[in-house]
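The structure appears right after this line, and notes come after that.
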Amino acid sequence: MSEVKDSESKASEVIESDATSYETMDVAIIGAGIAGSGLAKALADRGRKVLLIDRKAFPRHKVCGEFLSPESIGILSDLGFAPAIRTLGPAEIRATRIHAFGSAPLRIPLPGVAWGLSRHALDEALHREARLAGAEIATGTTVVSMRREADGYALNIVRGGRTHVVRARAVVGAWGGGGRVPDMTGEERKNKHPGSPYLGVKMHFAGVEVADEVELYFFEGGYLGLSPAGNGIANAAAMLDRRAIRNAPTAVHEWLALARSRSPALDRRLTGARPVPGTQAAVAPVRLYAKPVPWDGIPLIGDACATIPPLCGDGMSMALRAAQLCATSAERYLCGALSLSEWEEDFARAIHGAFSGPLRWGNLLQRAAGRPLPARIALTAARCMPALGRRLVRATRLGPTPQV
Ligand SMILES: Cc1cc2nc3c(=O)[nH]c(=O)nc-3n(C[C@H](O)[C@H](O)[C@H](O)COP(=O)(O)OP(=O)(O)OC[C@H]3O[C@@H](n4cnc5c(N)ncnc54)[C@H](O)[C@@H]3O)c2cc1C
């Protein structure tokens, strides 16, 4: 089976941070995506000394539908990011339009306004705001291993080919869903979650007008979301199941061509669309979780803790909610109100309470979406009973922000 190249893991080792050495931090966060940036700002806002570390150089393009659900916007507001993001001119999205296996399209209004914005711009804005709050950010920096010490952790980080040691009272894993993760025994190790047949690809397009909807195209072997990404650009992001694809391609444009060949509606939609150079990205494998994994020696947030099927469009809101929950419990640990084991218990309870329901329903939808008959039945049922469609969508969403 041919492998898609994980373009997200190939960023150059550019060092963007000026920092060369760190005094002992309150918290080191491994991974500066949505979850890590959210947590860094939340803890820096509380006056904590935070170091946010990422192996990539930013800004960078990232595999994502770039659909910020109404829940995501709510949490971004709670965390104080929304005004800065608004200045980037996100597109407003009001409905989902579903095209599945040749059925007539079905439009489902969203429970509120969502935003479409490229991760290239979004993640950079989150970094800027986290820095303004006082967090230090080291990009082009990989955490290769860590060990527990009497009063915290020592992390071995590699930047520009040189190894440094960073000490922190607490460490949080926000390293996303795949790849190699730092081990407590001093080694780098593979993500221990089971393998997955899924991969994700994305690319921006010009010359295709996407109004205020996210369009979802389901076909044999996967689905693709087409959404406005701001500034007149459309983002196409696909999740593909390698089990349903013989002679799997390797390049992003070939995977997108394969999606078009399996969905005539998508093919018509992208006629005349022009790829925007340099925006393509791929990630493999994409692991979907049946249950959250909130703790593995240290607290985990974002996709490292729970990855919901992308068709729910809720991965970023879950990443941000996990950051919010972690900030609250980390603060209680840092000020001595909780022991480490009490922190684990407290955080795990909060995560299971928030994510178990959406993960269960999201996985059910993912199974139905991959097969023509269940997908057609679900669409017919939702068309005849619009309330059922809305309920199903609601079941995959997060509940309201907990009072913290
Ligand atoms: C095809 C597809 C479409 C999607 N569409 C949507 C959508 O429309 N809406 C939505 O809400 N969600 C969507 N998602 C999900 C969403 O992208 C993720 O849930 C979200 O990016 C998770 O954020 P995160 O911060 O946990 O991880 P990431 O954003 O992946 O960040 C993790 C970071 O950790 C860094 N890292 C990893 N290991 C190390 C290390 N050892 N040292 C230092 N740094 C490290 C990585 O470089 C990376 O930058 C989609 C996902 C896929 C696959």
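Structure summary
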item: Some residue of the range 219-229 being farther than 25 Å from GLY178 by Cβ, acidic (Asp, Glu) and not in a strand (DSSP E or B); result: no
item: Residue match in the range 167-178 (condition: of a type outside the set (S, T, N, Q), within 11 Å of the ligand (Cβ to nearest atom), at positive phi and in contact with a strand residue (DSSP E or B) (Cβ under 8 Å, 6 or more places away or on another chain)); result: no
item: Residue within the range 230-239 that is more than 13 Å from the ligand (Cβ to nearest atom), β-branched (Val, Ile, Thr) and part of a loop (DSSP other than H, G, I, E, B) present; result: yes
item: Whichever residue in the range 35-63 is β-branched (Val, Ile, Thr) and either closer than 30 Å to VAL252 by Cα or within 9 Å of the ligand (Cβ to nearest atom) (or both) and, among such residues, is surrounded by the most Cβ atoms within 10 Å (Cβ to Cβ); result: ILE53
item: Test result for SER341, of a type in the set (Ser, Thr, Tyr) and either in contact (Cβ under 8 Å) with a residue 12 or more places away in the chain or within 12 Å of the ligand (Cβ to nearest atom) (or both); result: no
item: Test: residue in the range 261-280 that is within 12 Å of the ligand (Cβ to nearest atom) and crowded, with 20+ Cβ neighbours inside 10 Å; result: no
item: Checking ASP296 against (1) among the charged types (D, E, K, R); (2) more than 16 Å from the ligand (Cβ to nearest atom); (3) more than 25 Å from LEU216 (Cα to Cα), the condition it does not meet; result: (2)
item: Residue within the range 307-328 that is surrounded by fewer than 20 Cβ atoms within 10 Å (Cβ to Cβ) and under 30 Å from GLY152 (Cβ atoms) present; result: yes
item: Residues satisfying the stated conditions in the range 281-335, i.e. more than 26 Å from HIS120 (Cβ to Cβ), over 16 Å from the mean Cα position of the chain (by Cα) and not small (Gly, Ala, Ser); result: LYS291, TRP295, ASP296, ILE298, PRO299, LEU325, THR328, GLU331, ARG332, TYR333, LEU334, CYS335
item: Test: residue in the range 85-93 that is within 17 Å of LEU325 (Cα to Cα) and within 20 Å of the chain's Cα centre (by Cα); result: no
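No value in this document is a laboratory result; all are computed from the given coordinates. Note that the coordinates shown come from a computational prediction; the quantities given were computed from them, not determined experimentally. All Cβ positions, glycine included, derive from the backbone under ideal geometry; neighbour counts span all protein chains shown.
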